[in-house]
Amino acid sequence: MQGVDPAWLPDEAFRPIGTRRTLIRGSGPLVDTVHAEVAEACVRFGGSVSRDGTLVSCAPYERYDLVLELTGAEDGGGGEAFTFERGDGPATVTASGGSGLLYGLFHVVRLGDTAFQGSYGREEHRPESAVRMLDHWDNVAVHPVMGQVERGYAGGSLFWQDGRARGELLGRVRAYGRLLAACGINAVAVNNVNVHEAEAHLLTDRIREVAEIAGALRPYGIRTHLSVTFAAPMVLGGLPTADPLDEAVRGWWAEASARAYAAIPDFGGYVVKADSEGRPGPFAYGRSHADGANMLAAALEPYGGTVHWRAFVYDHRQDWRDRTTDRARAAYDHFTPLDGEFADNAVLQVKHGPMDFQVREPVSPLIGAMPGTRLAVETQATQEYTGQQRHVCWLGPMWSEVLRFRPHGGADGASVGELARGGLVAVSNVGDDPFWTGHPLAQANLYTFGRLAWQPHADPGRILDEWIGLTFAPGPADTRLHAGLRTVLDGSWRTYEKYTAPLGVGWMVQPGHHYGPSVDGYEYSPWGTYHFADRDGIGVDRSVTTGTGYAGQYAKVWAEVYESPDTCPDELLLFFHHVSYGHTLQSGKTVIQHIYDTHFEGVQEVEEAREVWASLAGLMDPARHARVAERFEEQLRSAREWRDQINSYFLRKSGVADAHGRRIH
Ligand code: GCU
């Protein structure tokens, strides 16, 4: 589409298909999409496409190079799996559902010319997670503090402008859907989990706007979901209560859901943030979260919809002097007693860590502790705490670590990726920015999330290579460009970790907007986000023996590892323990020297990455290069600020000099 950054689907990526002869068999709306994609590529590159034997554009060939075949009757159902093979004849994709055929087409796009060279035995591809979802935190209107997209760093909303649906710009939404399908996403929630006044109406009198968005995403196999407020029966329906066991309330939700499905037959369902950071919820009526979620599940059930009920429930008004309350414990304490009580179409959506998307957190102990509940695991592609898309921070390795983590230990125990039976969700990092994500390299996070959601055990490095190959160098690989991009992105998460809050303790950010350092910014706040640094040491004692007991929420194998500072992994030490500055890490360094060293190293790594980036000028679209170069200046300024504030703070607290005598202020 004109004026829209092609991201990982540049025209060139379709050359291998567009120069060849393709046969498409089958019918239905998603097969139409597949056909349109191939036909457009053929117009551009001179190949041909036939459909069910009807030659659409003539070519002097006798046989086909690619056959895309729907084996099921229609493409409405039939699943997302596909097969790929190539012997002596054409490369062949078969699928029993239209989505499968579409995913098969994008598989061939990823393979490029290699799809048509050599032979491939029959390969079966199917997503390991049935729901691969992006949650947009978009508001219809611009919020006075948060802007239009809460925690959005890529401009305004993709979906709304000036308080209305971007009717004339739905082409961009469609282009977005296309990019999402090409990395495997199949669900999008279109509005903020904090549902304000205007957005509440999307469920009822503004449902047509949601239907328009759904219409633009549907051709790419994406179902649309909506965040709703638990108080909707009161706010929208004028009822005196939102009690989930009240018959009138249940009736209201049943009717609202019926109307939503009348407008959007394949509507995905609701996302709900309840009793969390001031949002309304079932606690007000003495009801449980299972009561709340199940009421909505019942309203959606006749239509095959799902409620994604978020587990982000904690006391955001705690007294910092109260050492008995530990925010990290909250989700587990609230939800594990409810295991087995949630309806089949209620999914409990759990943030991957117990706090809030910090650069390093342990895996939430809730995952693995609710065998009788469908869980979805929520990650954050939008870089709220990881540089706000002004810093390069490729999150693939972090997500991969989380997805591979085995809450019950052992090689046989299920991994987080396997336990997320309700799906994998990321908060979207996209807005109306010309590069979609503000920082062009943040596109890699979106792509990586989709591919990991499809296959949680995939090697993130291989996904990064795939993204680089598609986005920057389709065709014969430009090794210098590829290697440069790899260098800049590969270690960027660990670099970010080095120059920000140390050893898993988190936060130390400016309150409110969360950008840039403020070591004590949250120390005396009600948010439950403390580091407890004093002149002797730092960290939160979450052990069972002497601390908050949080470590005991894990299965024995991990509880034991985390319980003692001697076995706790260095990168999580201050999350689990309060230790002295002289405490020796497993790395052999003291905590204080680790803090100094990592902060100097982190800045140095940013300087090096900036140089590498500069050396890539001329190897790509100049606008893309310039945008990243500009962001690197800010990243470096900010990384130095982090280094200097953190190092100075801890020098002043501890009085321990840097062993290498470097300048600390
Ligand atoms: C974070 C974020 C909020 C968001 C919340 C959530 O706290 O800062 O903006 O609303 O997470 O996930 O609900």
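The values are calculated or read from the model by the stated rules, or taken from the named source; none is laboratory data. Only a predicted model underlies this, so the values are computations on that prediction, with no experimental measurement involved. Here Cβ is always computed from backbone atoms with ideal geometry, including for glycine, and neighbour counts include all displayed protein chains. Calculation scope for accessible area: heavy atoms of the full protein, side chains included, ligands and nucleic acids excluded. Shrake-Rupley method; radii C 1.70, N 1.55, O 1.52, S 1.80 Å.
What the table shows:
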quantity: Long-range neighbours under 7 Å by Cβ, at least six apart or interchain, first residue touching a residue at least 60 places away in the same chain (Cβ under 8 Å) within segment 303-330, second aliphatic (A, V, I, L, M) and away from the ligand (no atom under 14 Å from the Cβ); calculated: T306/L300; T306/V347; H308/V347
quantity: Subset of segment 113-159 [open to solvent by less than 30 Å² (accessible area, probe 1.4 Å), in a strand (DSSP E or B) and either within 16 Å of the ligand (Cβ to nearest atom) or not aliphatic (A, V, I, L, M) (or both)]; calculated: R132, M133, L134, D135, D138, N139, G147, Q148, V149
quantity: Filtered residues of segment 71-89 (kept if modelled with pLDDT of 95 or more and in contact with a helix residue (DSSP H, G or I) (Cβ under 9 Å, 6 or more places away or on another chain)); calculated: E80, A81, F82, T83, F84, R86
quantity: Leading residue by the ranking (farthest from D433 (Cα to Cα)) among those in segment 619-647 that are open to solvent by 10 Å² or more (accessible area, probe 1.4 Å) and not charged (D, E, K, R); calculated: Q645
quantity: So T495, is it of a type in the set (S, T, Y) and farther than 29 Å from A609 by Cβ; calculated: no
quantity: Selection count, segment 347-367, where residues are in contact with a helix residue (DSSP H, G or I) (Cβ under 7 Å, 6 or more places away or on another chain) and either free of Cβ contacts under 8 Å to residues at least 24 places away in the same chain or basic (K, R) (or both); calculated: 1
quantity: Some residue of segment 557-564 being within 27 Å of the chain's Cα centre (by Cα) and under 30 Å from D433 (Cα atoms); calculated: no
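Matching residues to (1) more than 16 Å from the ligand (Cβ to nearest atom); (2) modelled with pLDDT under 95; (3) open to solvent by less than 20 Å² (accessible area, probe 1.4 Å):
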{"site": "T487", "(1), (2), (3)": "yes, no, no"}
{"site": "W493", "(1), (2), (3)": "yes, no, yes"}
{"site": "K498", "(1), (2), (3)": "yes, no, no"}
{"site": "A501", "(1), (2), (3)": "no, no, yes"}
{"site": "G504", "(1), (2), (3)": "yes, no, yes"}
{"site": "G516", "(1), (2), (3)": "no, no, yes"}
{"site": "W527", "(1), (2), (3)": "no, no, no"}
{"site": "H531", "(1), (2), (3)": "yes, no, yes"}
